[in-house]
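Quick note: the coordinates plus some simple rules give every number you see, no bench work behind them. Quantities reported herein were computed from a predicted structural model and do not represent experimental measurements. Because the Cβ atoms are built from the backbone with ideal geometry, glycine has one as well, and the counts that use them run over all protein chains shown.
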Amino acid sequence: MNKELKNYKLWTWVLSIAIPVVVLILFTYKIPNARPLVELPPIYATINAVTSLVLISALIAIKMKKVQWHQRLNELAIILSVIFLVLYVIYHMTSDPTPFGGSGISRPVYYFFLISHVMLSVMVIPLVLITYFRAKAFRFEAHRKIAKITFPIWLYVAISGVVVYLLIAPYYEVVSV
């Protein structure tokens, strides 16, 4: 195994563990005297929606044998996912959790999407990294195999994030400045 591939494996493990741990730690911390950044949820939901379109575009690009375009779109999807995560954490560091106020069928629907979104968002981190690093290491057959698993999960995470936002949005507290 070459040194570059070993580094990719190391970074995959480190990031796959560090990202969820850091997010959990930051969720327990509130920035003192910070104004709740209520404008962030629609922004990061939009980023999730754009990410889903970018992922679909990347799939179309590779089906059309536009490898460089596919690579750039996937890198853009990674960047958008990182921006989403940063904004999401900042929002939760400045705002109290929003309780879901729905009832009836909307309640189990909301919690299904929320729980599956959160669980799969943690699981998709190593999948995205492995998929990306295999392509960077020119291990295209291995890349294709895992991409068939990574793509639908990542797409679901992006779309379900938008669904969760749409279901919880009516219950966000409007804070006047």
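Here is how the numbers come out for the structure above:
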item: Computed label-point distance, nm, for sites residue 17 and residue 111 using a 7 Å Cα→Cβ extension; result: 3.3
item: Under the Karplus curve 6.51 cos²θ - 1.76 cosθ + 1.60, θ = phi - 60°, whole-Hz ³J(HN,Hα) for segment 133-141, x wherever Gly or Pro sits; result: 5, 5, 5, 5, 8, 6, 9, 5, 5
item: Global form of segment 1-84, assessed from the alpha-carbon gyration tensor, a/c cut-off 1.5; result: oblate
item: CD proxy at 222 nm, helix term only [per DSSP H run n ≥ 4: -39500 (n - 2.57); per residue of the chain; nearest 500]; result: -27500 deg cm²/dmol
item: Vicinal HN-Hα couplings computed from phi for segment 66-83 (Karplus, 6.51 cos²θ - 1.76 cosθ + 1.60; Hz; Gly/Pro x); result: 9, 4, 5, 5, 4, 4, 5, 5, 5, 5, 5, 4, 5, 4, 4, 5, 5, 4
item: Residue-wise HN-Hα coupling along segment 108-123, computed from phi with Karplus coefficients 6.51, -1.76, 1.60 (Hz; x: Gly, Pro); result: x, 5, 4, 5, 4, 5, 4, 5, 5, 4, 5, 4, 6, 5, 6, 5
item: Positive-end residue, the chain charge dipole about Cα centroid, Cβ charges, pick of 117, 26, 40; result: 117
item: Fraction of alpha-carbon pairs over 29 Å apart in the chain - percent; result: 27
item: Protection-proxy order for peptides 134-143, 68-77, each taking the mean of Cβ atoms within 10 Å per residue, highest first; result: 68-77, 134-143
item: In nm, spacing of pseudo-spin labels at residue 24 and residue 103 (7 Å Cα→C-beta vector); result: 3.5
item: Normalised convex hull volume, segment 79-177, alpha-carbon set, Å³ per residue; result: 102
item: Dipole in debye (nearest 20) - the chain, about Cα centre, beta carbon charges: Lys, Arg +1; Asp, Glu -1; result: 960
item: Violating pairs (Cα-Cα greater than 30 angstrom) within the set 6/148; 30/148; 9/30; result: 30/148; 9/30
item: Protection-proxy order for peptides 99-111, 35-47, each taking the mean of Cβ atoms within 10 Å per residue, highest first; result: 35-47, 99-111
